[in-house]
Amino acid sequence: MSFFDDFLAKWREYRKPGYYERFDYAWTMTIDLDRCTGCEACVTACQAENNIPILGEAELAKGREMQWMRIERYWEGEYPDVKLRFIPMLCQHCDAAPCETVCPVSATYHNQDGLNAQVYNRCIGTRSCAVYCPYDVRYFNYTDHQWDKPLDEQLNPDVTVREKGVMEKCTFCIQRIRQAKDSAKDDGRRRVRDGEVQPACVQSCPAEALVFGDRQDPESRVSSMMDNARAYRVLEELNTLPSVVYLKKVDGNAG
Amino acid sequence: MQAKSSPISYADVNNDIVRSLVVTGPKYYITLAAAISLTLICYFFPWFYQLYYGIGAAGMNHPQVWGTYLASFIFWIGLSHSGTLLSCVLHLTNSAWRKAMYRSAEAMTLFSLMVAASMVAVHLGRPWFIHWSLPYPNQMEMWPNFRSPLLFDVMAITTYLTGSSIFIYMGSIPDFAAVRDRTTGWRHYMYRLLSLGWRGTDTEWHRLGWAYTFLAVLIIPLAVSVHSIVSWDFALSVVPALHLTIFAPYFVVGAIYSGTAGIVTVMFVLRKYMKFEKYITELHFDNLGKLLLALSLLWTYINMLEVFTGWYSGESAELEALEYKLFGKYGPLYWEMILFCAVTPLLCMFKRFRTSFVPMLILSIAINIGMYTERFLIVGTSLSRKYLPDAWNSLYVPSVVELSILAGSVALFCTLFLIFVKIFPSVSIYEVKETLPAPEKGSPQWQATQ
């Protein structure tokens, strides 16, 4: 019985709220929709940083997409009284991620930084994680991709080029996080300083709508951004505990 | 029941069934050649192309990452459900009418399970790593993810495959021995191996009967669990219209339903082309028809519940998914399914319908078309109506490769079945004899058995 008791004890601990807070970091992104202009700089930066292939017309016509960061557009109202609303959508790095439980080979798992990591080498392509993801932010490599010259020269050497049959998604630029952690270690520091690491999308946002940091650190910018009456998480009612916090648009006319 | 109407003797049974194994006409060879070439052309070539090109050869797209491959997987698993399960239930309830049909029904289970397992490989993005989903000690020190419903699936299906293979093999041992004693040459050697030295002593019969009943009791809950677990692949998600508690019974009933219809189809073909008219009679079709009627009513009831609970929840995502399923672009498919699976099977209320062979064949095929549609709709309509409306734009249409593989999987099943009917006695020799009156001592029939 001791094995079972042990298992149960671990299970209860794992199910306790705040379990993930005890990890090294709790990387979080806040997206201020009041600042976002929908310019798609983040989308482009992400594509350049993470070796995201350009699918081309034929694939898009089949309804296939490959953009870890996308700007969702919603039209509100009837013409002529019409409003365009948009919201950047990326992997929410849920702390209770449905995609992690369903992968039969644990190719997607929760790492020590509270990130929802994807191991391309382990992925066998069941695509069940994309089905389970309520945010539709997982993208599948339906074919092998190629980069026409000279685009192949600008591939990021820190990021893998994914082969066909593998699922991929936003990593919060894990290569940058790893680099920042390494240099912090080299300097003899225990932790990465606030603002030392930025994903490509955050770095490129001209309006500074995107803020990235560690929510375990109460002094960090992201913590102060989260402490806002406008803060909300997308599809919070599904209890996936996302790590991306949105700040509601300030709009006098909004209902 | 059969004994009263038919004058079959013990010797007839032996001769008829051994004849089905030994005497092979040109028709059989032509059919087999056609089935094998269709399997190669429609199943393996497109699959190899897909392995080379990537899953992109299929029509799946961004929110619609699951398609006909998974629908076919559920369909074949479902088809596998009636054979062994029905055979077990009827064995435990001592139904004599089971005896002439159970062997081929169980074979149907086995082969549709194999086809289903192959559909998993076709479905995967990188099927060359499919062994990673098995728990085996390895130098990566990695286990599969035991929380995953897909892993439950792997476990359930391998268990069911093992269980039903043992069940069909064990039930065939006395028949292998009977065939062994009536064949010569390589067949004799093959059946000598297969019959495991069966002599037909009292002890042997006693042990066989005991073990057979034991396995039958074991397999019934197993079969129910297998399709429940398949349903959890969907129901354990948070996707609207999939996240339903009704899914497990829904899938199990659907599986038994399509499996029973599959048995009717197989029975018709066997009766017609293997000349088993004496053994597979109107009685069997009558009983199977009653079963189909009961199952269709149950299936309709659960289907109504599924729609009702979705509607009653009042949740906007759930309502949207429901509306898309019933009246969206795939709407006509939904109503086709209702027509084939809920309306036309009501014809089974009439005894004249149940006992006419060709209408029953058409009905059974229509039911399975409807059931395939059901599985396609489960996979096809829910994923394109998830929570974020931004991903709602694309319509999933199966590609030529997918449709070809779907047709090829039927050919693969036929190939396996055609090989089966020449190796296994497709009607149980000893159990059919149990339903016949024993020959009187001293009669010519009696002498023939000595």
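Coordinate-derived values only; no laboratory data. Values in this document were obtained by computation on a predicted structure and should not be read as measured data. Virtual Cβ from ideal backbone geometry, glycine too; neighbours counted across all protein chains shown.
Under a model in which nothing but the beta-carbon of Lys, Arg (+1) and Asp, Glu (-1) is charged, segment B:265-313 shows a dipole of about 300 debye around its Cα centre. Taking B:Leu406, B:Leu85, B:Leu305 as the candidate residues, the one with maximal mean-square fluctuation in a Gaussian network model of chain B, Cα springs under 10 Å, is B:Leu305. Any aspartates and glutamates with Cα under 16 Å of the B:Lys329 Cα? List them, leaving off those in the same chain fewer than 8 positions away. Result set, ordered by chain and number: B:Glu320, B:Glu374. Take the Cα coordinates of the protein assembly as shown, assign each an equal point scatterer, and use the Debye formula without solvent to give log10 I(q)/I(0) at q = 0.06, 0.08, 0.09, 0.12 Å⁻¹. Debye curve over Cα of the protein assembly as shown, log10 I(q)/I(0) at q = 0.06, 0.08, 0.09, 0.12 Å⁻¹: -0.44, -0.71, -0.86, -1.31.
What is the angle, in °, between the Cα long axis of helix B:202-235 and the longest principal axis of the Cα atoms in chain B? Nearest 10 is fine, range 0 to 90. The answer is roughly 10 degrees. Over all pairs of different C-alpha atoms, segment B:217-325 has a mean inverse distance whose reciprocal, the Kirkwood radius, equals 16.1 Å. Qualifying trypsin sites (Lys or Arg not before Pro) in segment A:140-202, where qualification requires a DSSP coil assignment and no more than 12 other C-beta atoms within 10 Å, comprise A:Arg189, A:Arg190.
What the phi angles of segment A:100-107 give under the Karplus curve with 6.51, -1.76 and 1.60, with θ = phi - 60°, is a coupling list of 6, 6, 8, 5, x, 10, 6, 6 Hz, glycine and proline written as x.
Counting Lys +1, Arg +1, Asp -1, Glu -1, what net charge surrounds B:Tyr396 among other residues with beta carbon under 15 Å of its beta carbon? Neighbourhood net charge equals +4.
Rg and Dmax over the alpha-carbon atoms of segment A:22-247 stand at 17.8, 60 Å.
Rounded to the nearest 10 degrees, the angle from helix B:185-194 to the longest Cα principal axis of chain B is 70 degrees. Residue by residue, segment B:356-370 carries 3J(HN,Hα) couplings of 9, 6, 5, x, 5, 4, 4, 4, 5, 5, 4, 4, 6, 5, x Hz when phi is fed to the Karplus relation 6.51 cos²θ - 1.76 cosθ + 1.60 (θ = phi - 60°); x denotes Gly or Pro. Listed values for segment B:109-114 are Karplus-derived 3J(HN,Hα) couplings in whole Hz (6.51 cos²θ - 1.76 cosθ + 1.60, θ = phi - 60°), namely 3, 4, 6, 5, 5, 5, and x replaces Gly and Pro. Find me the longest stretch of chain B that has none of the exposed chymotrypsin sites (Phe, Trp or Tyr not before Pro), where exposed means in a DSSP loop (not H, G, I, E or B) with at most 14 other Cβ atoms within 10 Å. Answer - B:147-349.
Each of B:Ser428, A:Ser243, B:Ser95, B:Ser20 was scored by other Cβ atoms within 10 Å of its Cβ. Arranged with the fewest first, they read B:Ser95, B:Ser20, A:Ser243, B:Ser428.
Quick check: net charge around A:Val82, other residues with Cβ under 13 Å of its Cβ, Lys/Arg +1 and Asp/Glu -1?
So the environment of A:Val82 carries a net charge of 0.
Seen from A:Asp144, the other residues with C-beta closer than 11 Å to its C-beta sum to a net charge of +1, counting Lys and Arg as +1 and Asp and Glu as -1.
Structure note, pairs A:Lys169/B:Lys325; B:Lys99/B:Lys433; A:Lys16/A:Lys169: Cα-Cα distances above 21 angstrom occur for A:Lys169/B:Lys325; A:Lys16/A:Lys169. Which lysines, on any chain, are close to A:Lys164 with Cα under 22 Å apart, when same-chain ones fewer than 8 places away are left out? Straight-line reach from A:Lys164, under 22 Å: A:Lys62, A:Lys149.
Over the residues of the protein assembly as shown, the helix contribution to mean residue ellipticity at 222 nm works out to -17000 deg cm²/dmol, using -39500 (n - 2.57) for each DSSP H run of at least 4.
Calculate how steeply helix B:149-180 sits against the longest principal axis of the alpha-carbon atoms of chain B, using the helix alpha-carbon long axis, and give the answer as 0 to 90 degrees to the nearest 10. Approximately 10 degrees, to the nearest ten. Here the contact order of chain B, divided by its residue count and restricted to Cα pairs under 8 Å and six or more residues apart, works out to 33 percent. Taking Cα centre as origin and charging only the Cβ of basic (Lys, Arg, +1) and acidic (Asp, Glu, -1) residues, the dipole magnitude of segment B:299-364 rounds to 620 debye.
Mind listing which trypsin sites (Lys or Arg not before Pro) in segment B:223-308 are in a DSSP loop and have 16 or fewer other Cβ atoms within 10 Å? Taking segment B:223-308 and a limit of 16 other Cβ atoms within 10 Å, the loop trypsin sites (Lys or Arg not before Pro) found are B:Lys275. Listing A:Glu76, A:Glu49 from fewest to most neighbouring C-beta atoms within 10 Å gives A:Glu76, A:Glu49.
Listed by chain and number, the lysines placed with their C-alpha closer than 20 angstrom to that of A:Lys249 are A:Lys83; residues fewer than eight positions away on the same chain are left out. In plain terms, the C-alpha convex hull of chain B casts an average shadow of 24.1 nm² when viewed from every direction.
Roughly how many whole Å is it from the C-alpha centroid of segment B:223-286 to that of segment A:67-140? Distance between centres, Cα-based: 35 Å. Of the options A:Phe172, A:Ala26, A:Ser106, report the single residue whose Cα projects farthest towards the positive end of the charge dipole of segment A:22-247 (beta-carbon charges: Lys, Arg +1; Asp, Glu -1). Positive-most Cα among the choices belongs to A:Ser106. In this Cβ point-charge picture (+1 for Lys and Arg, -1 for Asp and Glu), chain B has a dipole of about 1320 debye about its Cα centre.
As a proxy for reagent exposure, A:Met226, B:Met349 were ordered by neighbouring Cβ count within 10 angstrom, fewest first; the result is B:Met349, A:Met226. For segment B:48-125, the normalised intensity computed at q = 0.14, 0.24, 0.25, 0.27 Å⁻¹ comes to -0.57, -1.01, -1.06, -1.14 (log10 of I(q)/I(0), Debye sum over alpha carbons, equal scatterers, no solvent).
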